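The values are calculated or read from the model by the stated rules, or taken from the named source; none is laboratory data. Note that the coordinates shown come from a computational prediction; the quantities given were computed from them, not determined experimentally. All Cβ positions, glycine included, derive from the backbone under ideal geometry; neighbour counts span all protein chains shown.
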Amino acid sequence: MKVTVSRKAHFNAAHRLFRKDWTASQNNEIFGKCANPHYHGHNYELIVHVKGPIDPQTGYVIDMKVLKDLIKEEVEERMDHKNLNEEVAEFSNLIPTAENIAVVIYDLLKPHFNENQELSVTLYETPRNYVSYSG
Ligand code: NI
């Protein structure tokens, strides 16, 4: 028997979607407003899901406090109120699309779980646009 435990979190961050090896017009054609050289922000909503067996001693799949603190340390402190392109090392050579941000978040969190705990992340870039990644 496996149960999924989920925790919501939130961070604000700025980004710019562009490739240095493309011209301004190529970047505008593909990334539109998101290529704005002056950056723009999003209110990101993150949902982290952990699926696993219930520990018979505690009744938990994972202690929510542990999950909360982990998201704070690995994600919020790294990304909240940051310019993702300029201030977050993981994006120095990676375009900070919602897809790539979700993969980076997954990779940051993954080492903290054991082999019985299946991790997946859902990242909302806007209330209507979201991506999911589970490895
Ligand atoms: Ni954007």
Pairing a residue in the stretch 13-30 that is over 27 Å from residue 78 (Cβ atoms) with any residue that is within 16 Å of the ligand (Cβ to nearest atom) and not in a loop (DSSP other than H, G, I, E, B), where Cβ atoms lie under 6 Å and the two sit 6 or more apart in sequence or on different chains, gives 28/35
The number of residues in the stretch 19-59 that are closer than 30 Å to residue 115 by Cβ and either modelled with pLDDT under 95 or loosely packed, with under 15 Cβ neighbours inside 10 Å (or both) is 7
Residue 77 meets each of (1) without any contact (Cβ under 8 Å) to a residue 12 or more places away in the chain; (2) not small (Gly, Ala, Ser); (3) not in a helix (DSSP H, G or I) with one exception, condition (3)
Within the stretch 108-135, the count of residues that are within 25 Å of residue 40 (Cβ to Cβ) and surrounded by fewer than 16 Cβ atoms within 10 Å (Cβ to Cβ) comes to 5
Of the candidates 101, 71, 30, 95, the one satisfying the condition of being within 11 Å of the chain's Cα centre (by Cα) and within 16 Å of the ligand (Cβ to nearest atom) is 101
Flagged in the stretch 69-107 as surrounded by 15 or more Cβ atoms within 10 Å (Cβ to Cβ), of a type in the set (Gly, Ala, Ser) and out of contact with any Asp or Glu (no Cβ under 7 Å at 6 or more places or on another chain), in numbering order, are 102
